[in-house]
Amino acid sequence: MACSPALLLMDRNLLARKQNARLDKQNDLGWKLFGKVPLRENAQKESKKIQKEYEDKAGRPSRPPSPKQNVRKHLDFEPLSTTALILEDRPANLPAKPAEEAQKHRQQYEEMVVQAKKRELKEAQRRKKQLEERCRLEESIGNAVLTWNNEILPNWETMWCSRKVRDLWWQGIPPSVRGKVWSLAIGNELNITHELFDICLARAKERWRCFSTGGSEVENEDAGFSAADREASLELIKLDISRTFPNLCIFQQGGPYHDMLHSILGAYTCYRPDVGYVQGMSFIAAVLILNLDTADAFIAFSNLLNKPCQMAFFRVDHGLMLTYFAAFEVFFEENLPKLFAHFKKNNLTPDIYLIDWIFTLYSKSLPLDLACRVWDVFCRDGEQFLFRTALGLLKLFEDILTHMDFIHIAQFLTRLPEDLPAEELFASIATVQMQSRNKKWAQVLTALQKDSREMEKGSPSLRH
């Protein structure tokens with residue numbers, strides 16, 4: 001049955017009025033809680049218009065707005081949330097605030113403002129102090145750079161062991177001269193040249209090409225090593241590079257230093273096939289790359305790994321490693337007897353935490369800038385500073401470690417806090433005495449090496 005257009009129009013108007021009524025009802029629900037429904041917007045406008053016309057006819061000027069209504073105009077900001085409740089009167093449809101409540105609210109607001117100003121002042125003072133410290137540090141580094149470049153480096157042979165230079169060394173070598181100082185301190189006993197690096201790198205690239213194409217060529221100098229061992233080293237290098245300082249994102253595939261790191265590690269496996277690649281080497285090479293050119297980094301890397309301590313660890317000389325651990329325990333007991341006894345009680349041996357620290361020279365365990373400072377003094381004092389740093393770390397966290405069991409100690413020492421303050425660590429290291437019964441580190445280590453020749457399993461305290 002067809003409907004007339006008039007009926008359709010009436011139905012549409014009725015539906016529209018019902019929807020408008022429903023919306024008005026929903027908008028009024030909140031105000032009904034206070035027992036009063038506000039006028040519709042049109043009605044409010046009409047009432048104001050009628051009032052104005054009446055006042056004009058009566059010849060009476062409209063009343064000026066009250067001071068309370070002008071509160072917003074005199075404020076330097078637009079009151080929001082609780083601020084508006086404190087500074088402004090309640091809406092006309094609500095009971096007025098009692099004078100006591102209004103006074104209380106104003107006092108609370110004033111207290112909040114005072115506290116906010118105190119916090120702002122404290123934060124401003126903190127920022128100012130940080131800026132001043134940064135300026136002092138930059139000035140100190142600038143002066144140190146001039147001293148190293150103009151006085152120390154030109155006269156290295158005569159000045160490197162002086163008291164003044166040793167003090168500057170302890171404070172940290174400026175980054176701009178760090179690579180040069182490291183190279184001089186590490187030395188080049190192996191007499192490696194840039195040309196030798198190029199030769200080793202060319203052999204490494206040829207080896208990578210052979211393995212990638214499935215070739216089976218064997219070089220004469222590698223005849224004593226299986227193809228499987230060489231391939232395993234290449235795969236391990238590739239895997240370890242991706243895990244080297246992952247937060248920096250500069251050594252991974254596509255990063256600016258990826259090829260340099262890959263070149264140094266590959267060249268070293270050709271230079272020392274008897275050692276090959278061992279996990280941890282990538283961190284040492286990466287730190288050197290950040291401070292030296294590729295060829296100079298390779299020279300420093302090869303000479304550094306040729307030091308007795310590093311060679312013992314990277315060649316996994318179990319007997320010599322146990323001797324180093326035994327020497328460490330001698331000074332551990334001397335400096336931290338209470339913590340040493342606690343470790344013994346929990347059967348916590350040094351290898352659990354020292355291996356990772358020594359293998360990477362702390363570059364994996366400590367923040368990079370702090371690790372570089374450890375490297376600074378390590379280049380000055382040699383291997384004993386690696387073990388002195390370990391004792392400094394244990395002393396710094398002694399109070400925490402003495403209340404931990406085996407599992408928690410091992411977890412803590414293998415993952416040190418990331419926000420470790422440099423000055424506190426070096427202050428702790430400075431208190432460590434590397435002397436036991438009038439014997440220094442080298443003397444204790446030599447004596448233990450003699451004893452180890454007569455003992456198949458090393459120090460009794462480290463037998464497994």
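Results for (1) touching a Pro at 6+ places or on another chain (Cβ under 8 Å); (2) surrounded by 13 or more Cβ atoms within 10 Å (Cβ to Cβ); (3) modelled with pLDDT under 95, shown as yes or no for each residue.
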| residue | (1), (2), (3) |
| --- | --- |
| ILE409 | no, yes, no |
| PHE412 | no, yes, no |
| ARG415 | no, no, yes |
| ILE429 | no, yes, no |
| LYS439 | no, yes, yes |
| ALA447 | no, yes, yes |
| ARG453 | no, no, yes |
| LEU462 | yes, yes, yes |
Among residues of segment 254-265 being out of contact with any Phe, Trp or Tyr (no Cβ under 7 Å at 6 or more places or on another chain) and in contact (Cβ under 8 Å) with a residue 12 or more places away in the chain, the residue least open to solvent (accessible area, probe 1.4 Å) is SER263
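Does segment 382-393 contain any residue that is hydroxyl-bearing (Ser, Thr, Tyr) and open to solvent by less than 10 Å² (accessible area, probe 1.4 Å)? Before the answer, list the steps.
Initially, segment 382-393 is screened for residues hydroxyl-bearing (Ser, Thr, Tyr), giving 389.
This time we only want the ones that are open to solvent by less than 10 Å² (accessible area, probe 1.4 Å), so: 389.
Yes, segment 382-393 has at least one match.
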Cβ pairs under 7 Å, 6+ apart or interchain, first in segment 293-304 and under 11 Å from GLY179 (Cβ atoms), second of a type in the set (Val, Ile, Thr), ordered by first then second residue, are ALA297/ILE264; ALA297/ILE289; ALA300/ILE186
In segment 309-322, what residues are more than 18 Å from ALA285 (Cα to Cα) and open to solvent by 60 Å² or more (accessible area, probe 1.4 Å)? VAL316, ASP317, HIS318
All but one of (1) part of a helix (DSSP H, G or I); (2) among the aliphatic types (A, V, I, L, M); (3) closer than 25 Å to ASN306 by Cα hold for LEU190, so report the exception by its number. (1)
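In segment 417-427, which residues are assigned to a loop (DSSP other than H, G, I, E, B) and surrounded by fewer than 13 Cβ atoms within 10 Å (Cβ to Cβ)?
Keep residues of segment 417-427 that are assigned to a loop (DSSP other than H, G, I, E, B), which gives 417-421.
Across segment 417-427, the qualifying residues are PRO417, GLU418, ASP419, PRO421.
Only one of SER363, SER436 is in contact with an Asp or Glu (Cβ under 6 Å, 6 or more places away or on another chain) and in contact (Cβ under 8 Å) with a residue 60 or more places away in the chain; which?
Values: SER363 fails: in contact with an Asp or Glu (Cβ under 6 Å, 6 or more places away or on another chain).
So the residue among SER363, SER436 that is in contact with an Asp or Glu (Cβ under 6 Å, 6 or more places away or on another chain) and in contact (Cβ under 8 Å) with a residue 60 or more places away in the chain is SER436.
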Which numbered condition in (1) in a loop (DSSP other than H, G, I, E, B); (2) in contact with an Asp or Glu (Cβ under 9 Å, 6 or more places away or on another chain) is the only one that GLN253 fails? (2)
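The values are calculated or read from the model by the stated rules, or taken from the named source; none is laboratory data. A quick note: this is a predicted structure, and the numbers were derived from the prediction, not measured. Note that we place each Cβ from the backbone using ideal geometry, even for glycine, and neighbour counts take in every protein chain shown. Areas reflect the complete protein model, heavy atoms only, side chains present, ligands, DNA and RNA absent. Shrake-Rupley method; radii C 1.70, N 1.55, O 1.52, S 1.80 Å.
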